[in-house]
Every structure is written in C-alpha cells, then in structure tokens.
C-alpha cells in the first residue's frame, strides 16, 4: 500500500461532518447526484485500518470464452452483518436519516471495493440487479484514499461527467440514475495510489 495522504486530512480522529453541505446536480432523465467533498475527516486513518483488517477477496468472472480476474478486491456486508468499523455504521445511519423522506427506506448493505493502483477499475454499469432495474433508488459512495475519477454517462448517449473521489468524499446517485445512467472507475495510466470505495445500498438493490 502506497497511500499519498491528503494535506487537508491530517488527523487520526475519524469523524463525519454534517450532511447539510451536500450539493445536488440534476442530470437528464430524472437522475441526479449529490456531492460532499471531505465528509469523513481522518479518512486516511480509516483507509489504513480497512486495507489491513477487511477480509478482501479476489474474484474471477467469465468474459467471452475465458475466465479473467476482476480488477479490484471486494468485500460485502449484508443487512445483518456488522460493518468493519463503527464510523461506517454511523455513516450508513446518517445517510438513512438524511434521505428518509426521498428514499423511504434505510440504506442496509455495504459493498467495499479496493482499487490497488491505476490498473484496477470497474467497467460501465448501473446497479440494475433487483429493484434498481425498475424503481428509482439511491446508491451512496464514500471514497477513501487516493482520488480516482468516477465517470458517469447517460445510457441513451451524451456527455460523460467525471468526478474525482477520495479522502472522505461522498457522492450519492439518486432518482433514475441506476436505470438511465451508467458509471465506471476507468483505468489510469498515471501512477496513482490505492483507493477504497464503500457503497451503501437499500434492500434489494445490487
């Protein structure tokens, strides 16, 4: 692990800031994103804990006629699982309370992705397995470690948006975003450090 720490996050006290600073960007087709840079203070300290303590797993998947390595490490915490750090439970609860009126249900699961360097990535996709295929929903992403671009594009074609996320940044995708838009973390040819993303989802959204 070769994490370049943030000059603005030099603290070992891991704590969340207020969500009132969230800023919403409307997108086409009823989608939107909310962004809050640096929501989690002390995020580099949390990154170090998660990198060493989470039981990361490598996966392989079928691509055409052969199996290939999934280019990132993964961990998943279901509705009844204890999250790997108390601040993640606090984050999930804070997001559930903040979006209660719009979402109508709590965030209940957490998927973690560990991007070890610029070769790790995730291809274009939407969380359309389960209820996300037919219903508006939300996915909240808390990013730790070195910033990496989250790219978003409308499924029907149009301009690609890029948002660099890392060092405690929060991005929430809502409205029709999972059905009408796609998102990705592209590979990078630059020398970039590691990043962990934590994706909070409601029940039945994958």
Fill in: Fewest-first sequence of 52, 109, 160 by Cβ atoms within 10 Å of each Cβ
52, 160, 109
Worksheet item: How far is it, in nm, from the label point at residue 191 to the one at residue 100 when both lie 7 Å from their Cα along the line to the Cβ?
Response: 4.9
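Which whole-number percent gives the relative contact order of the chain, counting Cα pairs below 8 Å spaced six or more residues apart? Please report the intermediate quantities before stating the final value.
On the way: 460 pairs, mean separation 58.9, N = 206.
Value for the chain: 29 percent.
Please rank 33, 196, fewest neighbouring Cβ atoms within 10 Å first, as an exposure proxy.
Working: 33 22, 196 27.
Taking fewest neighbouring Cβ atoms as first place, the list is 33, 196.
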Worksheet item: Thinking of segment 116-173 as a set of Cα atoms, what percent of all their pairs are more than 15 Å apart?
Response: 60
Item to complete: Calculate, for residue 135 and residue 93, the FRET efficiency according to 1/(1 + (r/R0)^6) with r their C-beta to C-beta distance and R0 22 Å; round to the nearest 0.05.
Response: 0.45
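Quick check on segment 38-130: take the gyration tensor over C-alpha atoms, sort the square-rooted eigenvalues as a ≥ b ≥ c, and tell me if it's rounded (a/c under 1.5), prolate or oblate.
Oblate.
What area, in nm² and to one decimal, does the C-alpha convex hull of segment 22-202 cast on average over all directions?
For segment 22-202, the mean projected area of the Cα convex hull comes to 10.7 nm².
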Worksheet item: Taking Rh as the Kirkwood radius computed over C-alpha pairs, what is the Stokes-Einstein D of segment 74-169 at 10 °C in a medium of viscosity 1.306 mPa s, expressed in µm² per second?
Response: 104
Item to complete: Please find, in a Gaussian network model of the chain (springs between Cα atoms separated by less than 10 Å), the residue of 165, 142, 152 whose mean-square fluctuation is greatest.
Response: 152
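Every number here is computed from the coordinates shown, using simple stated rules; none is lab data. The structure displayed is predicted, hence computed values, not measured ones. Please note: Cβ atoms are built from the backbone with ideal geometry, for glycine as well, and neighbour counts cover all protein chains shown.
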